[in-house]
Amino acid sequence: MSAPPPPIIKGWCPGALRPMQSGDGLVVRVRPHGGCLSRAQVAGLAELAQVHGNGLIDFSARANLQLRGITPEGHAAVLGGLNALGLLDPDPETESARNIMVTPFRQSSDGTIALARALETRLGHAVTHEGLRLPGKFGFSVDCAGSPVLRQASADIRLERTPSGALLLYPDGADKGRLVEDHEAAEQAVTLANWFVRSGGTCNGRGRMAAHVRRTPLPPGYDVAVPDFPPFVARPGPTPGGWMAGLAFGQCTAATLSALATMAPLRLTPWRMIVAEGLSAPPSLVDLLPADDPLLRVAACTGAPACPQALAPVRTLATDLAPHVPAHTFLHVSGCAKGCAHPQAAPLTLVAQPEGFALIRHGTTTDQPIACNLSAELLRTHPELMTKD
Ligand code: SF4
């Protein structure tokens, strides 16, 4: 058996000003301010996707939105459109640093939006006027609406409320943080980001906080225990922010986005779901998945042919296998070892290799498989192979 080719790790995320080339054209990632899009912005994005792209929109695991299949000739017009919608940063450095994930369950009274805005402003100033340069995947979470819900999502610096309502700032991966007042939270978060850089957290423009704090003592003042909370499990249905709806593989069409724009502003999540702000009943659109849909039990990346690194198509296989995934478990089907759709461990993982799929239980795409060379046809006809001992 030949070794699968190593995936290309780019170490940065696409943006609008710096799109990424994919097999189906340019991927233009849009980072909503405060994790929310107004109805006018949703309608404008739907139009840009339809006119200049292939009409497909991804909702990413970082609570961003991606327009797919943008043509090189259409990119300038997309930038103009994003600028008119208030969704364009002044330069690629500011755009790259503005990785701020915000809880979609915020209420107007919990201070979350003010914290997110202050952090965005302070971070932009640090990048533009103080020379702060963070790795492309470095990010922040503002998770301050009651119990945290973003702990399983990618972030390097986290802001949360303790059970008593105090504001806790801590580096991802650390078991200690520091209490901060709301008015100083943004400043302290940027100070922590500067500490990460100055204490050697970056290497060749890469590096993540969790790995850094495993080998580096925390700065002084980080001595308050990070409280335990049960892991948050996202499900479609009513939420404090509105109706949360699932999307198959986190993707929808421009037509769906356009229809949503007539109903409500959208809050983005890292769970391949969107929250239709203020709605107390599900938007009636065929693309939105009900809570019992088997597709909520699978994740699959873009795969072949749209991703040039993919060794196989994966979404049709994941769709066919979804009804056979037992309730309360989860299947990740990946087109290569990079594992874009679900970088974490999963109960069941199928990863494409040159000779077929490898099956991994309770691991990631790079863990030891328990079976290899499984063809898509074999998995379709014998889906029990995934779960039987
Ligand atoms: S995991 Fe999927 S989307 Fe990511 S690089 Fe591999 S094939 Fe492409």
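Read-outs throughout are calculated quantities, based only on the coordinates presented, and are distinct from any laboratory measurement. Remember, it's a predicted structure, so these values are computed and weren't measured experimentally. So basically every Cβ, Gly included, is an ideal-geometry build from the backbone, and we count neighbours across all protein chains shown.
Cut-off 10 angstrom, C-alpha nodes, Gaussian network model of the chain. Which of 363, 221, 177 fluctuates the most?
Maximum among the listed residues: 221.
Between residue 199 and residue 130, take the C-beta separation as r, use R0 = 22 Å, and let me know the FRET efficiency to the nearest 0.05.
My answer for the efficiency is 0.85.
At R0 = 22 Å, how high is the FRET efficiency between residue 117 and residue 191 if r is their beta carbon distance? Nearest 0.05 is fine.
0.75
Over the chain, what is the relative contact order in whole percent, taking alpha-carbon pairs under 8 Å and six or more residues apart?
Relative contact order here is 15 percent.
Assuming R0 = 30 Å, what is the FRET efficiency of residue 147 and residue 389, from their Cβ-Cβ distance, to the nearest 0.05?
0.25
Round to a whole angstrom and tell me the spacing of the C-alpha centers of region 127-165 and region 293-366.
Between the Cα centres of region 127-165 and region 293-366 lies a distance of 28 Å.
Expected output is a single nm value to one decimal: the length gained when fully extending between residue 109 and residue 381, i.e. 0.36 nm times separation in residues minus the C-alpha distance. What is it?
Length difference between fully extended and current span is 92.6 nm.
If you add up the charges near residue 88, with Lys and Arg at +1 and Asp and Glu at -1, over every other residue whose beta carbon is less than 15 angstrom from its beta carbon, what do you get?
Local charge sum for residue 88: -1.
What is the distance in Å between the Cα centres of region 31-87 and region 249-279?
If we compute the Cα centre of each part, the gap is 13 Å.
Would you work out if region 294-386 is rounded, prolate or oblate? Take a ≥ b ≥ c from the square roots of the eigenvalues of the alpha-carbon gyration tensor; rounded if a/c is under 1.5, else prolate when a/b is larger than b/c, oblate otherwise.
Note, shape of region 294-386 comes out rounded.
Quick check for me: using +1 on Lys/Arg Cβ and -1 on Asp/Glu Cβ, what's the dipole size of region 294-386 about its Cα centre, in debye to the nearest 20?
The dipole magnitude comes to about 200 debye.
What ranking do 141, 375, 334, 96 get, fewest neighbouring Cβ atoms within 10 angstrom at the top?
By the 10 Å Cβ count, ascending, the order reads 375, 96, 141, 334.
In which sequence would 372, 13, 301 go, from the one with the fewest C-beta neighbours within 10 Å to the one with the most?
Ranking 372, 13, 301 by Cβ neighbours within 10 Å, fewest first, gives 372, 13, 301.
Do any GluC sites (Glu not before Pro) in region 322-389 lie in a loop, going by DSSP, with at most 14 other beta-carbon atoms within 10 Å of their beta carbon, and if so which?
Filter output for region 322-389: 355.
Loop-only check: which GluC sites (Glu not before Pro) in region 93-152 are DSSP coil with at most 13 other Cβ within 10 angstrom?
The qualifying sites are 130.
By counting other Cβ atoms within 10 Å of each Cβ, how are 370, 274 ranked from fewest to most?
370, 274
Counting C-alpha atoms alone, how compact is region 94-225: give Rg to one decimal and Dmax as a whole number, in angstrom.
13.6, 41
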